[in-house]
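S.K.: Dumping the structure here so I can ask a few things about it.
The values are calculated or read from the model by the stated rules, or taken from the named source; none is laboratory data. Note that the structure is predicted; figures quoted are calculated from it, not measured. Glycine gets a Cβ as well: all are built from the backbone with ideal geometry, and neighbour counts include every protein chain shown. Just so you know, the surface numbers come from the protein's heavy atoms only, side chains and all, with ligands and any DNA or RNA stripped out. Shrake-Rupley method; radii C 1.70, N 1.55, O 1.52, S 1.80 Å.
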Number of protein chains: 2
Amino acid sequence: MAIQDFSQSLPMMLYRALDEIMPKFRCIFNEFALTEQQWRILRVLWEHDKITLGRLSDLTLIPSPSLVGIVDRLIKAKLIRRERSDADRRMIFVVATEEGRNLEAKVMPRVNEIYKEIKEPFSMQQWGQLIDGLDQISHFNKKTVTNEHKE
Amino acid sequence: MAIQDFSQSLPMMLYRALDEIMPKFRCIFNEFALTEQQWRILRVLWEHDKITLGRLSDLTLIPSPSLVGIVDRLIKAKLIRRERSDADRRMIFVVATEEGRNLEAKVMPRVNEIYKEIKEPFSMQQWGQLIDGLDQISHFNKKTVTNEHKE
DNA sequence: TATTAATTGTTAATATATTAACTAATACGA
DNA sequence: TCGTATTAGTTAATATATTAACAATTAATA
């Protein structure tokens, strides 16, 4: 019944894992004058030619109110542009400029290098278990229990 | 050689896991007029009667520049207080007030409830593997390879 | 078709993160 | 003991997160 160690709680372990690996990546982003969030947006645009702000928010995990300013700064840096939808005038598409697309070839190799370094000490099975566990956490609010109707 | 899916990268999986579980906790914190960071500080003070700002920063994973303001606001809420060290006048201890200590009995049960809910769908083995994996990530910068001298 | 509801983005206010520079106090070496 | 390096906290500037409220547009429905 005693208080368990706060440092070993799941949230703190997740935060600590991020604190440990992200500075390495941010170091690279900074070399290209990018913030982590700006990187995330570009990273998604390299996989999607054209994407609405809503979907961009989902894929980057950047909350929409934050997205507004981050997109503004990326536009000022001439790396992306806004494009209002004709079909539905509420929607706004975001598109990478040529300069934005060109960054991919420069940044991705550096990032993949670090990524490989992080992954290296893991066995393939260990890594799979880690990813599976994280994936299960990520679906916590959707289907806690599969074989049972909830509410 | 093609770009792997950004959404399945380790950093995004970690962020997504946090995005999924933290709102539930924050919901409780807000009931007690606490922010997540304020909670973290109190949570640590419930395990340590007296702690320096530096160590508090390490345990809460709150960067020291942020800590200043967060501690200020907790003091204004009469939940903690500062106490300068006599032995080393550079150091500042943080201590919970009685009001701050009293929060533990009210908040912890609610938090433990959610925590149990998150942990529930996992087998004990699965959970252990997840924690071990996160722990290994957290030691990335310390000892990437054990049986080898680096540098 | 006029109203209402839902969707998509945005603005605003406050709190926190990031990075660099800075102060005060202490430790250390010539 | 003086000068220097180190350590503990802080301040400053900018970027982002969180929450609530809001505007514009579209969808739904009586």
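S.K.: How many residues are surrounded by fewer than 14 Cβ atoms within 10 Å (Cβ to Cβ), of a type in the set (A, V, I, L, M, F, W, C) and without any contact (Cβ under 8 Å) to a residue 24 or more places away in the chain if we restrict to segment B:23-44?
M.R.: The number of residues fulfilling the criteria is 1.
S.K.: Of everything in segment B:85-139, what is assigned to a loop (DSSP other than H, G, I, E, B) and within 16 Å of DNA strand C (Cβ to nearest atom)? Give them in sequence order. Steps first, please.
M.R.: Filtering segment B:85-139 down to residues assigned to a loop (DSSP other than H, G, I, E, B) leaves B:85-91, B:97, B:120-123, B:139.
Passing the criteria: B:Ser85, B:Asp86, B:Ala87, B:Asp88, B:Arg89, B:Arg90, B:Met91.
S.K.: For A:Asp5, work out the one condition from (1) under 30 Å from B:Glu104 (Cβ atoms); (2) open to solvent by 30 Å² or more (accessible area, probe 1.4 Å); (3) in contact (Cβ under 8 Å) with a residue 12 or more places away in the chain it doesn't fulfil.
M.R.: The single condition A:Asp5 does not satisfy is (3).
S.K.: Being more than 14 Å from every other protein chain (Cβ to nearest Cβ), open to solvent by 20 Å² or more (accessible area, probe 1.4 Å) and β-branched (Val, Ile, Thr) narrows it down to one of A:Ile80, A:Ile131, A:Ile92, so name that one.
M.R.: Working: A:Ile80 fails: open to solvent by 20 Å² or more (accessible area, probe 1.4 Å); A:Ile131 fails: more than 14 Å from every other protein chain (Cβ to nearest Cβ).
Exactly one of A:Ile80, A:Ile131, A:Ile92 is more than 14 Å from every other protein chain (Cβ to nearest Cβ), open to solvent by 20 Å² or more (accessible area, probe 1.4 Å) and β-branched (Val, Ile, Thr), namely A:Ile92.
S.K.: Kindly list the number of the only condition in (1) near DNA strand C (Cβ under 10 Å from one of its atoms); (2) open to solvent by 20 Å² or more (accessible area, probe 1.4 Å); (3) not aromatic (Phe, Trp, Tyr); (4) not in a helix (DSSP H, G or I) that fails for A:Glu47.
M.R.: (1)
S.K.: A:Arg55: without any contact (Cβ under 8 Å) to a residue 24 or more places away in the chain, more than 12 Å from DNA strand C (Cβ to nearest atom) and either more than 11 Å from chain B (Cβ to nearest Cβ) or in a helix (DSSP H, G or I) (or both), yes or no?
M.R.: Numbers: without any contact (Cβ under 8 Å) to a residue 24 or more places away in the chain: yes; more than 12 Å from DNA strand C (Cβ to nearest atom): no; either more than 11 Å from chain B (Cβ to nearest Cβ) or in a helix (DSSP H, G or I) (or both): yes.
The answer is no for A:Arg55.
S.K.: Checking A:Glu113 against (1) within 13 Å of DNA strand D (Cβ to nearest atom); (2) closer than 23 Å to B:Ile137 by Cβ; (3) more than 16 Å from the chain's Cα centre (by Cα), only one condition comes out false. Which one?
M.R.: (1)
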